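The values are calculated or read from the model by the stated rules, or taken from the named source; none is laboratory data. Because the structure is a prediction, the values reported are computed rather than measured. All Cβ positions, even for glycine, are placed from backbone atoms using ideal geometry, and neighbour counts span all protein chains on display.
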């Protein structure tokens, strides 16, 4: 049985991966990120600098987006774009267009 990315590779060029940090880490371990991927969206777990740096070093990805939202809503509320030339951003970003966020404490 083929894995999902093997099937996707034969179906056309994969340019975006939308997943959790632990899954992209596993994909990198198995050399499973297609060369055509340019953007990786990550959410659902804390994103560490070391993983962002690993993505840029081990793949041809040019942009990683750290997405954040309340788990009970399964939607994104904030985002932070990180380009390969700029590297890691140490925050969850700003509100998605046409929304507001309120940060209550650290």
Among 49, 106, 60, 54, which is the only one that is under 22 Å from residue 14 (Cα atoms) and exposed (fewer than 15 other Cβ atoms within 10 Å of the Cβ)? 60
Can you name the residue in segment 83-96 that is closer than 23 Å to residue 15 by Cβ and at pLDDT 85 or above and, of all such residues, is surrounded by the most Cβ atoms within 10 Å (Cβ to Cβ)? 84
Considering only segment 20-43, state which residues are in contact (Cβ under 8 Å) with a residue 24 or more places away in the chain and either touching a strand residue (DSSP E or B) at 6+ places or on another chain (Cβ under 8 Å) or within 17 Å of residue 83 (Cβ to Cβ) (or both). 20, 21, 24, 33, 37, 38, 39, 40, 41, 42, 43
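What number of residues within segment 49-93 satisfy the criterion of being part of a loop (DSSP other than H, G, I, E, B), under 17 Å from residue 27 (Cα atoms) and out of contact with any strand residue (DSSP E or B) (no Cβ under 6 Å at 6 or more places or on another chain)?
The qualifying residues number 3.
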Is it fair to say residue 32 is buried (at least 16 other Cβ atoms within 10 Å of the Cβ) and at positive phi? no
